[in-house]
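Trainee: This is the structure, below, for whatever I ask next.
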Amino acid sequence: MALAIHDLSFRYGATPVLTRLSTGALPRGELAALVGPNGAGKSTLFRCAAGLLRPQAGSATLDGADLAPLTGRERARKIFYLSQDTEARVALSVFDVILLARKSLHRGFALAASADDIRAVEAVIAELGLSAFASPVAGTLSGGQRQRAAIAQALVREPDASST
């Protein structure tokens, strides 16, 4: 599975931020870094790829398929945007925040979590070393702990792994 950006352009009002930006294939499982000064458009690029912003031109593709026509739900099954600001603004435990991420895609927001949901959340919490932080309110965590909880939200959604 590979993500690619093709001739992407974006502007905030009259201010161009991205102009015909392209990448090669960014294969799943490989590390890629995007480096640049503050205000260079790094976050804007990620928001465009995640569908949170609509570019004026160009496209983002996953395995050669354009992501633009996907519904928000379909896109969320394939891409998770992890912003710099992961501050929890609700009084939920880390476990609950991760559980909500799972339930939002798998069965909606039914009142009861299934045994599979609980096992999936417990497994990702253990995998990321969040066990000691699963009960506290998410808003009380340090920045790094909030980042790990946000990564757990992406992983518990079980992104499409058919091409790995």
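Trainee: Counting helices only, and only those DSSP H runs with n ≥ 4, report the 222 nm mean residue ellipticity of the chain as the sum of -39,500 (n - 2.57) divided by its residues, in deg cm²/dmol to the nearest 500.
Mentor: -10500 deg cm²/dmol
Trainee: Let me have the relative contact order for the range 2-78, percent, based on Cα pairs under 8 Å that are six or more residues apart.
Mentor: 36 percent
Trainee: Also: For Cα pairs less than 8 Å apart in space and 6+ apart in sequence, what is the mean separation divided by the residue count of the chain, i.e. the relative contact order in percent?
Mentor: Result for the chain is 22 percent.
Trainee: Continuing with the same structure: Amide H of A57 versus every other amide H placed in the peptide plane: which residues, excluding those fewer than 5 positions away on the same chain, fall under 5 Å?
Mentor: S9
Trainee: Short version: ³J(HN,Hα) in whole Hz for each residue of the range 146-155, in order, from phi by Karplus 6.51 cos²θ - 1.76 cosθ + 1.60 (θ = phi - 60°), x for Gly and Pro, what are they?
Mentor: 5, 4, 4, 5, 5, 5, 4, 4, 5, 5
Trainee: When Rg and Dmax of the Cα atoms in Å is calculated directly from the model, which label among (1) 17.2, 51; (2) 14.5, 47; (3) 17.5, 58 fits?
Mentor: (1)
Trainee: Then there is this: For the pair S9 and L34, how long in nm is the line joining their label points, each one 7 Å along Cα→Cβ?
Mentor: About 1.9 nm, to one decimal.
Trainee: Something else about it: Just grab the label-to-label distance for T71 and A123, each label 7 Å out from Cα along the Cβ direction, in nm (one decimal).
Mentor: Simple spin-label model gives 2.6 nm for this pair.
Only the coordinates and a few stated rules stand behind these numbers; no lab work does. Owing to the predicted nature of the structure, the values given are computational and were not obtained by experimental measurement. When we count neighbours, we look across all protein chains shown, and the Cβ atoms used for this are built from the backbone with ideal geometry, even at glycine.
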